[in-house]
Amino acid sequence: MIKKAIFKCSSEKLSQIPKDSLRDIAFIGRSNVGKSSLINMLTNHNGLAKTSSTPGKTKLINHFLVDDRWYLVDLPGYGYARASKRTSEKFQKIIMDYVFRCEKLHFLFVLVDIRLEPQPIDMEFISMLGQYQVPFAIIFTKCDKISAAQQSRQVQIFEKKLLETWEELPTMMLSSSLKSTGREDIVSYIENLIN
Ligand SMILES: Nc1nc2c(ncn2[C@@H]2O[C@H](COP(=O)(O)OP(=O)(O)O)[C@@H](O)[C@H]2O)c(=O)[nH]1
Ligand SMILES: [Mg+2]
C-alpha cells in the first residue's frame, strides 16, 4: 500500500534529478495515454500529477517521493513526432537520457491505451527497451472504456505483435483510473520490485 506520496522535483535534464540512492520506478507512454491519471490513482492523491485533456503538456521529469522509500517518476509523453523522423528526434533527448542512460531508473512501466491497435511508436520504444535491456512491464490504460471481452481481444492482438520480435512476453496489467482497476496488482508489483 502507498501511504504517502509527495512531490520532490521537476527536472529538465538528467543533472537535476535527485542524487540520493533511492530507486526510481518510472511511467511512460504516448501523450494522453492516462499516465497522470494512473499516478494519481495509484497514490490515491488526486492533485499529485497534473492531469490534462490537452496532450503533450508535461515536458519535464517529475519525481514523487513515496513512503520515503522510492521515487515514482512521471516522464514526458512521446508520440507526437512524425514517423519519418529519426528515433533520436522522435523521443525527446530527456527521455533517451533518462530511460537508456540513467542508473537511478530501476523499473519502467510502459502505458498503452487498451482501445488502440498496436502503435508503431510504442512498438519501436519497446523494442529499444529490449536492445538496452531496460526492465519493464506494460500497463493497459482506460480499460473502463471497452468490455472485458474486447479487453482480452486487444491484449491478444498486442501479444501477437510483441511475439513477432520477442521470445518472451513482458508482464502486462490492466488498469482503469476511473474505476481504480489494477491498483492492487500494480502497487504489489512495485512493492516486490522495491523489497
Ligand atoms: N475513461 C477513462 N479516461 C481516462 C482514464 N485515464 C485517463 N483518462 C482521461 O484521458 C485524458 C488524458 O489523461 P492524462 O492522465 O492527463 O494523460 P497523460 O497525458 O498520459 O498524463 C484525460 O481526459 C483523462 O481524464 C481512464 O482510466 N478511464
Ligand atoms: Mg500527464
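Computed from the coordinates by the stated procedures, all read-outs in this text should not be read as laboratory data. Since the structure is predicted, the reported quantities are computational estimates derived from the model, not experimental observations. Neighbour counts run over all protein chains shown; Cβ positions are idealised from the backbone, glycine included.
Longest segment of the chain with no GluC sites (Glu not before Pro) in a DSSP loop having at most 16 other Cβ atoms within 10 Å?
Answer - 13-102.
Among bridges DSSP assigns within the chain, what percent are antiparallel (round to 5)?
35 percent
At what distance in nm do the modelled label points of residue 188 and residue 137 sit from each other, each positioned 7 Å from its Cα along Cα→Cβ?
Output for this residue pair reads 1.1 nm.
Which of these, 100, 64, 136, has the largest mean-square fluctuation under a Gaussian network model of the chain (Cα springs below 10 Å)?
100
If you line up the Cα atoms of the chain on their principal axes, what length do they span on each, largest first, in Å?
Principal axes ranked by extent give 41, 38, 34 Å for the Cα atoms.
Take the Cβ-Cβ distance between residue 152 and residue 10 as r, set R0 to 35 Å, and report the resulting FRET efficiency rounded to the nearest 0.05.
So the FRET efficiency works out to roughly 0.40.
Please list, or write none, the lysines whose alpha carbon is within less than 23 Å of the alpha carbon of residue 59, excluding same-chain residues fewer than 8 places away.
The qualifying lysines are 8, 13, 19, 35, 50, 85, 90, 93, 104, 142.
Given springs between every Cα pair under 10 Å in a Gaussian network model of the chain, which of 169, 65, 75 has the largest fluctuation?
169
Can you show me the helix-derived [θ] at 222 nm for the chain, built from DSSP H runs with n ≥ 4 at -39,500 (n - 2.57) apiece and divided by the number of residues, rounded to the nearest 500.
After summing the helix terms and dividing by residue count, I get -9500 deg cm²/dmol.
DSSP loop trypsin sites (Lys or Arg not before Pro) in the range 96-143 with at most 15 other Cβ atoms within 10 Å of their Cβ, which ones?
Within the range 96-143, the qualifying trypsin sites (Lys or Arg not before Pro) (loop, at most 15 other Cβ atoms within 10 Å) are 115.
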